[in-house]
1. Could you please let me know if ASP450 is more than 30 Å from CYS562 (Cα to Cα), open to solvent by less than 20 Å² (accessible area, probe 1.4 Å) and not aliphatic (A, V, I, L, M)?
2. Taking the range 423-436 as the search range and keeping residues that are in contact with a helix residue (DSSP H, G or I) (Cβ under 6 Å, 6 or more places away or on another chain) and open to solvent by less than 20 Å² (accessible area, probe 1.4 Å), which one is nearest to CYS27 (Cα to Cα)?
3. Might you check whether a residue that is among the basic types (Lys, Arg), without any contact (Cβ under 8 Å) to a residue 60 or more places away in the chain and either over 26 Å from PHE141 (Cα atoms) or assigned to a loop (DSSP other than H, G, I, E, B) (or both) occurs anywhere in the range 347-367?
4. Considering only residues that are under 30 Å from SER139 (Cβ atoms), part of a helix (DSSP H, G or I) and among the charged types (D, E, K, R), which ones fall in the range 398-430?
5. Quick check on my filter: what residues within the range 28-59 are open to solvent by 40 Å² or more (accessible area, probe 1.4 Å), touching a residue at least 40 places away in the same chain (Cβ under 8 Å) and under 21 Å from TYR269 (Cα atoms)?
6. Does VAL20 count as within 30 Å of PRO356 (Cα to Cα) and either open to solvent by 10 Å² or more (accessible area, probe 1.4 Å) or β-branched (Val, Ile, Thr) (or both)?
7. I'd like to verify a number: residues in the range 436-459 that are under 24 Å from the mean Cα position of the chain (by Cα) and not hydrophobic (A, V, I, L, M, F, W, C), how many?
8. For GLU397, all conditions in the list (1) over 18 Å from GLN504 (Cβ atoms); (2) of a type in the set (D, E, K, R); (3) at pLDDT 95 or above hold save one; what is the number of the exception?
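The values are calculated or read from the model by the stated rules, or taken from the named source; none is laboratory data. Since the structure is predicted, the reported quantities are computational estimates derived from the model, not experimental observations. In this analysis, Cβ positions are derived from the backbone assuming ideal geometry, glycine residues included, and neighbour counts consider all displayed protein chains. Heavy atoms of the whole protein, side chains included, go into the accessibility calculation; ligands, DNA and RNA do not. Shrake-Rupley method; radii C 1.70, N 1.55, O 1.52, S 1.80 Å.
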Amino acid sequence: MEYHLITTADERTWKFDRPVLFLGEWCQLYNRRDIWSKMDSVVAGPFGIAIDEKNKNLAYIENLIDQLVEELTSSLNEFHNTTHSPRYWRILLGHWLQRYVEVLFNRYFTVEHVVKNYEISGTTIFDNPDYCFAVTDSSVFFNVCRDEIWNHYLYARILEFVGRVPVSKIRYVDKELNGFTSKPTKPTRRKWKSFIFDFTKWLLGLTSSSKDALLISTYLPRKEELKLYLHLGQFPQLRRSPALIPVAFSRKERDEFKLDTKKHIGFEYFIRQQLTDFIPVSFLEGYESLVKQSKQLPWPSKPRFIFTSNNFDMDEIFKEWAASKVAEGYPYYVGQHGNHYGTLNGHARWPELVTPDKFLTWGWTNDNPKNKSAFIFKNIGRKPSTYLPDGGLLLIEITYIYRMSHWDDYFEHGVYQKDQFAFVSSLPLSVQKRLTVRLYGDHKNHCWFDQQRWKDFNPLIEIEPGICQLKQLVEKSRLIVHSYDSTGVLETLALNIPTITFWQGGLDHLVPRAKPFYHLLRKAGIIAESPEEAAAFIGVHWDNIGKWWYSAEVQEARVTFCNEYARTVEQPLKTLKNLLIDHEK
């Protein structure tokens, strides 16, 4: 059977008078199921979700990124008349490049997969030759990957490149279809809290020395970060990069920037060809302005060292400043931000792992001299919670956020959602009545419709929509259930809070070195192999969770695991200070 291909949830491109093929489940928004459920339709099978495919594709992507870093170093240096090293450019645009390659890989081979496996009669796209793919900076790209129109035009460009699907165009032009950088955006007015912050920052800046260490977004609690300044013999500072000065997209300048495509075919040709249109303005038209802003920062001109656990990703001004200081020979250190570091298979080439002089971990080193064993930053100053034997059951959820993986993570999240419902359904009714489902705080800004899904599943379940502080919910619970391999797992284990977790795929996502530690948790009952197993385990132990949790087997497994991945130390700030200044000895 022939199908009309639909690539987007935007119904203006849909056909209702013939069989249709939805490119993926993202086309079928939950709140529009009364529309698409009545159509003569099928959904294309998901791309790249098997673990062997994920690992194989990621190895290919990482190799391709290494090639592109070298090529971009040459092209950008020529374009900007600079002589920066690959390390400089990887610090500045490495995270954007990682996402760009993964996103285009996913979109390109999803189309290839469909073209090879289905008979397609045609597709409908918006006809707008002026659409702009480029975004202002890395943070906007992070958000645009889930935008329906942006993705629709990307699929259209891939279909045009592949050339095996008849395309019909409909003319529909309005400002929402023109892209994200057709005109520079105006800075928003700053609120009074920002003025107070800026004044305090300026006042503290008067005490700063040109040779002070630069600390920014350390992932430590604010109070502990201020104490760290004192341990280093410095006055505390409030560091924040200013907003980027808007710079307009320029088609003329873009046409002068190219990567060599002569030696490449297929996807490797396509991704180099498209980079001219997709690279953010901040790295091309706005680069001169970016450098000017970083040079005007009132930060140490000869920093003792640079340390961040967050701004290495989407803070363009900080990254340019840091990369320039690294080129001058000043030490650059990055701290672990959340979980997966040291455990997730195939991610040893993340930019924050390969660009700094040191990477400060939450315990592990994996025998890499660059990795230095620190502790779990988020738990500094927090005391282990008191066990509440008559408390409730707390299930912590994540929402579907972005389509930035090289596989079909939207489909995978659908499996995740089914697992959540299976877990709750398998709980004894007496435990279900004590259950609180805590939704991801930002879920309303995404299109998964979490609250509606849970209401339709079981209107009697208590839903906390992400408004209350998680700490308060934890303190009212006798047991915490983490529904994915999250930072929260490390936090509650380190605080000795009764914890159970389950996730799809078992331990397939882990590097071999990490698996023995996770197996200890599995043997102790902390990690369940399925939602049903987790529910059954809770049913057995519900009336005396403490007896299970404080048993010798569970505590030994917890301590062994935490020493590797969620370490605690008696003097955390002294430990951190020594790690940050040991290059001075």
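1. Details: more than 30 Å from CYS562 (Cα to Cα): yes; open to solvent by less than 20 Å² (accessible area, probe 1.4 Å): yes; not aliphatic (A, V, I, L, M): yes.
Yes; evaluated as a whole, the condition is true for this residue.
2. Restricting attention to the range 423-436, the residues satisfying the condition of being in contact with a helix residue (DSSP H, G or I) (Cβ under 6 Å, 6 or more places away or on another chain) are 423, 426-428, 431.
From the residues that got through so far, the ones that are open to solvent by less than 20 Å² (accessible area, probe 1.4 Å) too are 423, 427, 431.
Details: PHE423: 27, LEU427: 33, VAL431: 36 Å.
Residue satisfying both the conditions and the ranking: PHE423.
3. At the first step, the residues of the range 347-367 found to be among the basic types (Lys, Arg) are 349, 358.
Cutting the leftovers down to without any contact (Cβ under 8 Å) to a residue 60 or more places away in the chain gives us none.
Checked against the condition, which is being among the basic types (Lys, Arg), without any contact (Cβ under 8 Å) to a residue 60 or more places away in the chain and either over 26 Å from PHE141 (Cα atoms) or assigned to a loop (DSSP other than H, G, I, E, B) (or both), the range 347-367 yields no hits at all.
4. Restricting attention to the range 398-430, the residues satisfying the condition of being under 30 Å from SER139 (Cβ atoms) are 398-417, 420.
Right, trim to part of a helix (DSSP H, G or I) and you get 409-417, 420.
Correct list: ASP409, GLU412.
5. The one that is open to solvent by 40 Å² or more (accessible area, probe 1.4 Å), touching a residue at least 40 places away in the same chain (Cβ under 8 Å) and under 21 Å from TYR269 (Cα atoms): ALA59.
6. Working: within 30 Å of PRO356 (Cα to Cα): no; either open to solvent by 10 Å² or more (accessible area, probe 1.4 Å) or β-branched (Val, Ile, Thr) (or both): yes.
So VAL20 does not fit the description; no.
7. So the first thing to find is which residues in the range 436-459 are under 24 Å from the mean Cα position of the chain (by Cα), and the list is 437-451, 453.
With the extra rule that they be not hydrophobic (A, V, I, L, M, F, W, C), the set shrinks to 438, 440-446, 450-451, 453.
Going through the range 436-459 one residue at a time, the tally reaches 11.
8. (1)
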